[in-house]
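Beneath this line is the structure, given in structure tokens, with notes to follow.
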Amino acid sequence: MKKINVIIVMAGFGARLELDYNKALYEINQIPLFMYSVNKFSQLTNLNELYLVVNENDFDIVKNIIE
């Protein structure tokens, strides 16, 4: 089975949703939105690498969530 790399682009700001923070950090059922994608892709048996493209202002927040 061929290994794949996944890139999740989440460097937005949430302005169209009238949020004062990145929409990827918006929580649904107490889970940040981007984690739904991370969790789903992490289940792939042929996953090689999973990359998150994160706004530098959100880096520490995302790092804490991932850890």
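Couple of notes before you dig in:
- Test result for VAL9, in contact (Cβ under 8 Å) with a residue 40 or more places away in the chain and open to solvent by 80 Å² or more (accessible area, probe 1.4 Å): yes
- Taking the criterion of being under 17 Å from GLU67 (Cα atoms) and of a type in the set (Ser, Thr, Tyr), the residues of the range 1-51 that qualify are TYR36, SER37, SER42, TYR51.
- Flag for PHE13 being assigned to a helix (DSSP H, G or I) and not β-branched (Val, Ile, Thr): no
- Just one of (1) at pLDDT below 95; (2) open to solvent by less than 60 Å² (accessible area, probe 1.4 Å) fails for GLU67. It is (2).
Conditions (1) of a type in the set (Phe, Trp, Tyr); (2) part of a helix (DSSP H, G or I); (3) in contact with a helix residue (DSSP H, G or I) (Cβ under 6 Å, 6 or more places away or on another chain), marked per residue:
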residue	(1), (2), (3)
ASP20	no, no, no
ALA24	no, yes, yes
MET35	no, yes, no
LYS40	no, yes, no
THR45	no, no, no
LEU50	no, no, yes
ASN57	no, yes, no
ASP60	no, yes, no
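- Unique match (being of a type in the set (Phe, Trp, Tyr), surrounded by 10 or more Cβ atoms within 10 Å (Cβ to Cβ) and within 26 Å of MET1 (Cα to Cα)) among TYR26, TYR51, TYR21: TYR51
The values are calculated or read from the model by the stated rules, or taken from the named source; none is laboratory data. Not measured: the values here are computed from a predicted model. No Cβ is skipped: glycine too gets one built from the backbone with ideal geometry, and neighbour counts run over all protein chains shown. Areas reflect the complete protein model, heavy atoms only, side chains present, ligands, DNA and RNA absent. Shrake-Rupley method; radii C 1.70, N 1.55, O 1.52, S 1.80 Å.
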